[in-house]
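Participant: Input: one structure, supplied below.
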Amino acid sequence: MNQRDLQFVEKIMEEIRGLRNSATLVFNTTFTQIGKTNLLLLKGLLDIEQLTGYFIVLDRPHQYMSYLLHMHKVSQENLWFIDSVTHQSGVKMELSDRVEFLEGPFHVENLFKTFEMINDGKGKGFVSMDRVDFLLVDNIATMLNYNNIEQIEEFVISLKAYIEKYPHMMGGVTIDKESHPELSEILLEHYDYMIDLEDLKKDVEK
């Protein structure tokens, strides 16, 4: 990351610091920047804010983001992955006490069963939900490849209800609202705030 990236990360963290408790946030960015956006968000949440959280993988196997975090020297000590992609990607599934695998994005509703399993102490090495500061969902529009819009809306509502059970937990999803206006409308209807990262980036570049 260059100096401008780091300034951008700090700008994003300034935006979310006062919104964290039980908040659900939508991070709007261009489609080509979603991967980098998630990296910057995790950099800020883990390194700057020193928070604990889960990254819910919908787009690429978790190894991709784990590798990027390692390359940019972002500590993963307080990060766990829920991976819904590896089962169908052809990538070798490596068991770890940092990753829980879902059957695939067709079964994303199993995410909540996974959280309950973790709370019941059945997920070795996983931090329980009452100690989690954030849940970050990778490129939620990917779900459109496997689920209809009604199923995704149900997931969006269920995720918000789950986050609201925990007073200090924040939820965040990334999307390109221009590419997916119907899904963006659903997110805006149910979630608390949309942060336009393209506008924030322009402020940094001035």
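Derivation of every value follows stated rules applied to the coordinates shown; laboratory data play no part. Keep in mind it's a predicted model, so treat the numbers as computed, not measured. Every residue, glycine as well, gets a Cβ built from its backbone with ideal geometry; the counts of neighbours run over all protein chains shown.
Participant: Mind ranking 30-37, 42-49 by how tightly packed they are, going by the mean number of other C-beta atoms within 10 angstrom, highest first?
Facilitator: Those peptides, ordered most packed to least, come out 42-49, 30-37.
Participant: Exceeding 18 Å between C-alpha atoms, which entries from my cross-link table qualify? They are 113/177; 43/160; 73/202; 11/202.
Facilitator: From 113/177; 43/160; 73/202; 11/202, over 18 Å: 113/177; 43/160; 73/202.
Participant: If a paramagnetic tag sat 7 Å from the Cα of residue 150 along the Cα-Cβ line, which residues of segment 161-193 would have the backbone N under 15 Å from that point?
Facilitator: Counting backbone N atoms under 15 Å from the label point, the list is empty.
Participant: Which residue, 61, 111, 162, has the largest displacement toward the positive end of the dipole of the chain when charges sit on each Cβ (Lys, Arg +1; Asp, Glu -1)?
Facilitator: About the Cα centre, the residue reaching furthest to the positive side is 61.
Participant: Among [x] 11.3; [y] 13.3; [z] 10.7, only one was calculated for this model; which label is it, if the read-out is mean projected area of the Cα convex hull in nm²?
Facilitator: This structure yields the entry labelled [z].
Participant: Using the per-residue mean of other Cβ atoms lying within 10 Å as a proxy for protection, in what order, highest first, do the peptides 68-78, 175-185 fall?
Facilitator: The densest-packed peptide leads the list: 175-185, 68-78.
Participant: Additional query: Please name whichever of 33, 171, 48 sits farthest to the positive end of the charge dipole of the chain, dipole taken about the Cα centre and charges placed at Cβ: Lys and Arg +1, Asp and Glu -1.
Facilitator: 48
Participant: In debye, nearest 20, what is the charge dipole magnitude of the chain about its Cα centre with +1 on Lys and Arg Cβ and -1 on Asp and Glu Cβ, if you could check?
Facilitator: Computed about the Cα centre, the dipole is about 700 debye.
Participant: Let me ask something else about it. Using a 10 Å cut-off around each Cβ, can you sort 65, 117 from fewest to most neighbouring Cβ atoms?
Facilitator: Ordered from fewest to most neighbouring Cβ atoms within 10 Å, 65, 117 come out as 117, 65.
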